[in-house]
Amino acid sequence: MDNKLALLTLCGSIIALLFAATRAQKVLRFPEGNDTMVKIAASIRSGAMAYLKRQYRILLIFFAGMFLILTVMAACGFLTWFVPFAFITGGFFSGLSGFVGMNIATRANARTAAACQKGLNRGLKVAFSAGSVMGFTVVGLGLLDISIWYLLLRLVFHLPIEEITSAMLTFGMGASSMALFARVGGGIYTKAADVGADLVGKVEAGIPEDDPRNPAVIADNVGDNVGDVAGMGADLYESYVGSVLSACALGVIAFNKIEAVDRVNAVALPMVLAAVGVLASIIGSMLVKTGENTDQGTLLKALRRGTNTSALLIAVVAFPLVWFIFGKAFIGFYFAIIAGLIAGVLIGFFTEFFTSDSYKPTKGLAEKSQTGPATIVIGGISLGMLSTAVPILIIAVCVMAAYTFSGGFTETTRGLYGIALAAVGMLSTLGITLATDAYGPIADNAGGIAEMSGLEPEVRGRTDALDSLGNTTAATGKGFAIGSAALTALALIASYVEKVQQVGGAGVELNMSVMNPPVLVGIFIGACLPFVFAALTMSSVGRAAQSIVVEVRRQFREIKGLMEGKAEADYEACVDICTKASLHEMVLPTILAIVTPVVVGLLLGYNGVIGMLTGATSTGFLMAVFMSNSGGAWDNAKKYIEGGAYGGKGSEAHKAAVVGDTVGDPFKDTSGPSINILIKLLSMVSIVFAGLIVNFHLF
């Protein structure tokens with residue numbers, strides 16, 4: 001039975017990839033617009049590809065070094081020989097997900113602008129179809145990697161199930177490493193360009209957003225792709241596979257002593273559930289369409305129709321699936337899955353509530369712009385801090401519900417398995433959830449192309465409506481990723497504890513009490529990590545943005561006729577500055593995430609690592625929510641004013657809102673979304689290096 005279920009997962013991955021391919025063909029059949037639009041789109045695509053080529057050269061060195069380290073550890077007996085290769089495949093597929101998504105995004109941006117010339121629904125169709133390519137490529141490649149490794153280790157090498165899940169966890173580390181590089185590097189690039197373009201162009205020169213006279217405008221549009229598309233794709237790939245792999249690993253542990261249940265079934269359930277999610281997402285994506293009303297409520301309703309239908313289908317199908325695999329005695333796992341689904345929907349709704357200009361919080365934030373930049377910055381920070389309360393309560397209820405329904409108070413590991421299943425349930429409809437997220441940067445690029453090409457004002461109005469909606473759906477997508485990260489990180493901590501006991505045997509003395517000094521010190525170190533990480537990434541954006549500000553000012557000053565539209569800006573200079581700065585600045589934060597668990601483990605031992613993971617998960621979750629929601633609210637407050645509120649574009653309120661949006665840019669697109677990768681990567685690294693830490697530690 002287990003091999004047939006694994007083959008179902010493989011079939012699900014193939015269906016997802018075929019659907020992504022058909023959607024890509026659909027997008028490419030739309031016209032790209034006039035010659036100016038084609039030229040601008042080609043410049044954006046060229047800059048994005050140049051960035052990725054240079055980034056991948058750096059990553060090749062990193063992955064080669066890590067492969068060597070893991071190979072040496074395997075030779076010393078700390079790991080199996082499969083681990084180094086699993087690490088490489090995880091990183092490869094994570095990077096490939098982002099590359100494919102960015103490739104279609106840079107081909108869809110001009111097509112979306114051209115489609116908006118004929119109507120809003122047509123523009124939404126192009127942008128959402130392109131976003132679907134990203135969404136279904138991520139889930140397709142994720143399931144492909146998981147199913148191939150499972151079938152290879154099971155049918156070819158005939159490994160025991162516990163060794164299979166242990167080896168498979170390692171490609172989660174590869175995926176997380178790639179995702180962190182992609183998110184941090186892309187985030188620094190896009191926000192440095194965005195901040196530089198806005199501060200000098202909008203605030204100082206008073207020219208419109210995406211005005212072709214702005215030298216940073218192409219770099220800004222390139223950044224939307226390398227950060228919000230390629231980085232996001234790699235990010236959510238690792239979230240997706242991490243949730244499935246942690247559930248598989250805990251399933252083996254949970255049913256280790258229950259002879260009535262084959263442990264392989266516990267591995268099969270999260271894999272098959274993810275495959276079913278592919279079909280549910282495909283059905284839901286077919287329902288996304290709208291009329292010509294640019295009201296945000298109407299557009300949100302169109303997207304909700306698709307996402308809610310997908311979630312409902314999972315809720316219906318999961319019941320017979322759990323019954324078939326486990327039987328009536330373990331039907332509580334179904335309710336754990338439902339808890340994750342409901343938590344995901346609720347987190348999405350409240351993220352939307354705090355960041356969309358359809359609701360009071362963001363409208364109230366926009367109102368604060370009337371008294372200057374200081375009040376809107378203070379208001380945005382306050383809004384973001386307040387917004388952490390609801391998601392943390394939702395996750396808390398979800399954890400307790402999943403743990404209880406799964407029988408956790410009778411058998412702890414079974415309850416932890418239920419929590420891991422809740423994370424899989426939350427991300428089971430990632431195909432369509434990510435599609436609603438990825439389409440946002442495409443619409444943003446479309447608006448820029450419409451502005452630079454001099455298209456009719458109503459076209460820019462339609463692209464702005466899609467872009468504003470994209471800000472909200474992007475925040476919702478980040479909410480899903482952050483919420484699932486909290487659940488997955490908890491499951492990974494449990495997997496780490498089990499791994500320590502496995503490699504250490506009778507010599508392991510677990511003492512996870514906060515009265516144990518190594519645990520307490522570990523908690524403090526872990527709690528500090530997200531703050532240090534956020535500081536490093538935000539400082540990186542600041543330094544890169546300073547370079548862009550200086551360059552844009554120089555061109556405005558030295559290129560005669562530029563402000564009058566009689567000369568062309570040197571776009572390449574800003575693209576080059578962003579590329580060099582982001583690739584240089586991305587290294588330190590990523591190395592910090594990989595080195596810290598090993599250093600803490602060697603100094604404080606495995607108990608100290610457990611404390612570190614606990615502290616990092618707690619503060620990391622809150623920091624990620626706070627930063628993402630603050631940034632999203634600032635962005636949409638600016639868009640709300642640009643729609644005509646409080647004097648509209650060019651007013652003092654608008655200038656204040658631009659400053660708020662500038663502060664929020666690294667919050668929502670660099671530091672915030674990177675933290676959810678950080679907390680999972682810390683756990684993955686700890687698991688991989690558990691053997692080393694158990695055998696060599698100071699305390």
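The values are calculated or read from the model by the stated rules, or taken from the named source; none is laboratory data. All values derive from a computational prediction rather than experimental measurement. So basically every Cβ, Gly included, is an ideal-geometry build from the backbone, and we count neighbours across all protein chains shown.
The table for this structure:
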{"item": "Set 645, 637: member being in contact with an Asp or Glu (Cβ under 9 Å, 6 or more places away or on another chain), surrounded by fewer than 24 Cβ atoms within 10 Å (Cβ to Cβ), in contact (Cβ under 8 Å) with a residue 24 or more places away in the chain and not basic (Lys, Arg)", "result": "645"}
{"item": "Of residues in the range 388-413 being surrounded by 24 or more Cβ atoms within 10 Å (Cβ to Cβ) and not hydrophobic (A, V, I, L, M, F, W, C), the one nearest to residue 326 (Cα to Cα)", "result": "406"}
{"item": "Any hit, the range 70-77, residues being β-branched (Val, Ile, Thr), over 21 Å from residue 446 (Cα atoms) and in contact (Cβ under 8 Å) with a residue 60 or more places away in the chain", "result": "no"}
{"item": "Hey, residue 509 in a helix (DSSP H, G or I), surrounded by fewer than 24 Cβ atoms within 10 Å (Cβ to Cβ) and acidic (Asp, Glu) or not", "result": "no"}
{"item": "Of the criteria (1) crowded, with 17+ Cβ neighbours inside 10 Å; (2) over 20 Å from the mean Cα position of the chain (by Cα); (3) on the phi < 0 side of the Ramachandran plot, which one residue 605 fails", "result": "(3)"}
{"item": "Members of the range 38-48 that are without any contact (Cβ under 8 Å) to a residue 12 or more places away in the chain and aliphatic (A, V, I, L, M)", "result": "42"}
{"item": "Condition met for residue 224 (in a helix (DSSP H, G or I), closer than 26 Å to residue 580 by Cα and modelled with pLDDT under 85)", "result": "yes"}
{"item": "Per-region count, the range 142-172, residues of a type in the set (D, E, K, R) and farther than 17 Å from residue 502 by Cβ", "result": "2"}
{"item": "Scan of the range 15-37 for residues that are buried (at least 16 other Cβ atoms within 10 Å of the Cβ) and either without any contact (Cβ under 8 Å) to a residue 12 or more places away in the chain or in a helix (DSSP H, G or I) (or both), ordered by number", "result": "15, 16, 17, 19, 20, 23, 24, 27, 37"}
{"item": "Test: residue in the range 393-408 that is in contact with a helix residue (DSSP H, G or I) (Cβ under 9 Å, 6 or more places away or on another chain), closer than 23 Å to residue 666 by Cβ and among the polar types (S, T, N, Q)", "result": "no"}
{"item": "From the options 73, 49, residue that is part of a helix (DSSP H, G or I), at pLDDT below 95 and closer than 22 Å to residue 598 by Cβ", "result": "73"}
{"item": "Which listed residue is among the hydroxyl-bearing types (Ser, Thr, Tyr) and not in a helix (DSSP H, G or I), from 433, 410", "result": "410"}
{"item": "Odd one out for residue 172, checked against (1) surrounded by 24 or more Cβ atoms within 10 Å (Cβ to Cβ); (2) not in a helix (DSSP H, G or I)", "result": "(2)"}
{"item": "Output for the range 85-126, where each listed residue is surrounded by fewer than 24 Cβ atoms within 10 Å (Cβ to Cβ) and not aliphatic (A, V, I, L, M)", "result": "85, 89, 92, 99, 103, 107, 117, 118, 119, 121, 122, 125"}
{"item": "Condition check for residue 504: in contact with a helix residue (DSSP H, G or I) (Cβ under 6 Å, 6 or more places away or on another chain), surrounded by fewer than 20 Cβ atoms within 10 Å (Cβ to Cβ), at pLDDT below 85 and of a type outside the set (Asp, Glu)", "result": "yes"}
{"item": "Subset of the range 510-528 (residues that are modelled with pLDDT of 95 or more and either under 19 Å from the mean Cα position of the chain (by Cα) or among the small types (Gly, Ala, Ser) (or both))", "result": "522, 526, 527"}
{"item": "Residue check for residue 378: part of a helix (DSSP H, G or I), buried (at least 19 other Cβ atoms within 10 Å of the Cβ) and not charged (D, E, K, R)", "result": "no"}
{"item": "Residue satisfying all of: in the range 543-556; of a type outside the set (Lys, Arg) and either touching a Phe, Trp or Tyr at 6+ places or on another chain (Cβ under 8 Å) or surrounded by fewer than 16 Cβ atoms within 10 Å (Cβ to Cβ) (or both); farthest from residue 187 (Cα to Cα) among these", "result": "550"}
{"item": "Residue within the range 195-211 that is of a type in the set (A, V, I, L, M), surrounded by fewer than 24 Cβ atoms within 10 Å (Cβ to Cβ), without any contact (Cβ under 8 Å) to a residue 60 or more places away in the chain and assigned to a helix (DSSP H, G or I) present", "result": "no"}
{"item": "Subset of the range 348-367 [in contact (Cβ under 8 Å) with a residue 60 or more places away in the chain, assigned to a helix (DSSP H, G or I) and either crowded, with 24+ Cβ neighbours inside 10 Å or of a type in the set (Gly, Ala, Ser) (or both)]", "result": "348, 351, 354, 355, 362, 365, 366"}
{"item": "Count of the range 10-44 residues which are within 24 Å of the chain's Cα centre (by Cα) and farther than 21 Å from residue 133 by Cβ", "result": "0"}
{"item": "Tally, over the range 512-521, of residues that are aliphatic (A, V, I, L, M) and either on the phi > 0 side of the Ramachandran plot or assigned to a loop (DSSP other than H, G, I, E, B) (or both)", "result": "3"}
{"item": "Pair list, Cβ < 6 Å and 6+ apart or interchain, from the range 386-414 residues that are under 14 Å from residue 335 (Cβ atoms) to residues that are part of a loop (DSSP other than H, G, I, E, B)", "result": "414/406; 414/407"}
{"item": "Matching residues in the range 238-255 - criterion: being modelled with pLDDT under 90 and among the hydroxyl-bearing types (Ser, Thr, Tyr)", "result": "239"}
{"item": "Boolean, residue 474 is more than 19 Å from residue 35 (Cα to Cα), at pLDDT 80 or above and part of a helix (DSSP H, G or I)", "result": "no"}
{"item": "The one condition in (1) surrounded by 24 or more Cβ atoms within 10 Å (Cβ to Cβ); (2) outside any helix (DSSP H, G or I) that residue 179 fails to fulfil", "result": "(2)"}
{"item": "The range 308-333, residues that are touching a residue at least 12 places away in the same chain (Cβ under 8 Å) and closer than 28 Å to residue 436 by Cα", "result": "308, 309, 310, 311, 313, 314, 315, 317, 318, 319, 321"}
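The rows are residues; the columns are (1) under 26 Å from residue 205 (Cβ atoms); (2) buried (at least 24 other Cβ atoms within 10 Å of the Cβ); (3) touching a residue at least 24 places away in the same chain (Cβ under 8 Å).
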| residue | (1), (2), (3) |
| --- | --- |
| 611 | no, yes, yes |
| 624 | no, yes, yes |
| 628 | no, yes, yes |
| 650 | yes, no, yes |
| 654 | yes, no, yes |
| 657 | yes, yes, yes |
| 666 | yes, yes, yes |
| 678 | no, yes, yes |
| 693 | no, yes, yes |
